[in-house]
Amino acid sequence: GILERAPGVKSLREGGTLGVISEKFSPLTFRNYQDDVWDSAKVALVTQKVFKEKYEQRRVGCFNCPIRCGRFYSIEEGKYAGLRMEGVQVNALRGFGSNLDITSPAEILKANAITNQYGLHLDGIASVAGWIFECFEKGIITEEDLGYRVGWGDIDSFIRLTEDITYRRGFGNILAEGIQRASKKIGKGSEKLAVLVKGMESNEGRMRSHRAWALGIMTSLRGGGHLDGAASVEGCGFDDELCNSVYGIPNVNDATDYEHKAELVVWMEK
Ligand code: SF4
């Protein structure tokens, strides 16, 4: 069937969504969208292979799914020994890894775990943290505002910020409203660092390189996420026959090409 012929299916089964990222291909949002690619030496520290060798226990999946792209992890030693959790999908690698410039797989697992524990939306909290880290870097938000310093690569400041937002403590009470409302209250140029789609936070990579992917995210009903119409097939190696038989359009494999991308997004959003 079509599933078995799609290269993406094989990759998802073998490596989950983390498997799409490698030192050679790393369209990962860097420091609140300051760039759309992460240093390959940093990517090498957090590839799917590293997570698998050090922390993976078993494959997991949604009910009845023939792909089962999820993974269950366990940390046996170090600061977070005893942590058991499901994740990390590629949005966690991007949101907590490249976006916050954290290169420790155990720290990315921890960030994902507390997000789950507090019932937060992963893209939302990762985006708010990236935005605050950049506001701090640019001097828009200070230690006096927060009560502590935050900085790129610092998991402890992320955890503290997340707890303040969850319990609406201090400055966290403003940030819990989301970037759009918080940036209006804070002002001082913080609005210019806010990356929003239809008022929603966005934690997505490939926005500068993949045309249908970006168009789908920009035009999706809710806004900001890739689950409502972003085409993930660009660059996946679909041949002419497969594209025609599934989408009724010629090949859309070239991510940077604009041809037929609008039609592809319409197909996806239907
Ligand atoms: S349905 Fe669930 S397990 Fe299957 S590919 Fe999608 S997210 Fe992964």
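The values are calculated or read from the model by the stated rules, or taken from the named source; none is laboratory data. This one's a predicted model, so the numbers in the text were calculated from it and none came from an experiment. Positions of Cβ are generated from backbone atoms using ideal geometry, with glycine treated the same way; all protein chains shown enter the neighbour counts. Surface accessibility is based on the protein's heavy atoms, side chains included, excluding ligands, DNA and RNA. Shrake-Rupley method; radii C 1.70, N 1.55, O 1.52, S 1.80 Å.
A few remarks follow.
- Filtering Gly70, Gly95, Gly78 for residues that are small (Gly, Ala, Ser) and more than 27 Å from Lys24 (Cβ to Cβ) leaves a single hit, Gly78.
- Tally, over the range 62-76, of residues that are within 10 Å of the ligand (Cβ to nearest atom) and surrounded by fewer than 18 Cβ atoms within 10 Å (Cβ to Cβ): 7
- Test for Ala126: is it touching a strand residue (DSSP E or B) at 6+ places or on another chain (Cβ under 9 Å), more than 22 Å from Ser26 (Cβ to Cβ) and either among the polar types (S, T, N, Q) or buried (at least 20 other Cβ atoms within 10 Å of the Cβ) (or both): no
- If you check Arg84, Arg59 for being within 16 Å of the ligand (Cβ to nearest atom) and either open to solvent by less than 40 Å² (accessible area, probe 1.4 Å) or not hydroxyl-bearing (Ser, Thr, Tyr) (or both), only one passes: Arg59.
- Odd one out for Glu143, checked against (1) among the charged types (D, E, K, R); (2) within 25 Å of Ser104 (Cβ to Cβ); (3) buried (at least 20 other Cβ atoms within 10 Å of the Cβ): (3)
- Residue among Ser245, Ser232 that is polar (S, T, N, Q) and not in a loop (DSSP other than H, G, I, E, B): Ser245
- Restricting the range 184-214 to residues that are in a helix (DSSP H, G or I) and touching a residue at least 24 places away in the same chain (Cβ under 8 Å), the residue that is most open to solvent (accessible area, probe 1.4 Å): Arg211
- Helices (runs of 4 or more DSSP H) enclosed by the range 1-120 - at least 3 residues per element that are under 19 Å from Leu227 (Cβ atoms): 7-15, 105-117
- Some residue of the range 230-244 being under 21 Å from Leu100 (Cα atoms), open to solvent by less than 50 Å² (accessible area, probe 1.4 Å) and not assigned by TED's automatic domain parsing to the domain that holds Val150: no
- Failed item in (1) more than 16 Å from the ligand (Cβ to nearest atom); (2) under 30 Å from Ile132 (Cα atoms), with Gln89 passing the rest: (1)
- Count of the range 167-183 residues which are open to solvent by 30 Å² or more (accessible area, probe 1.4 Å), over 19 Å from Thr29 (Cβ atoms) and part of a helix (DSSP H, G or I): 3
- Here Asn112 passes the criteria (1) touching a residue at least 12 places away in the same chain (Cβ under 8 Å); (2) away from the ligand (no atom under 16 Å from the Cβ) except the one numbered (2).
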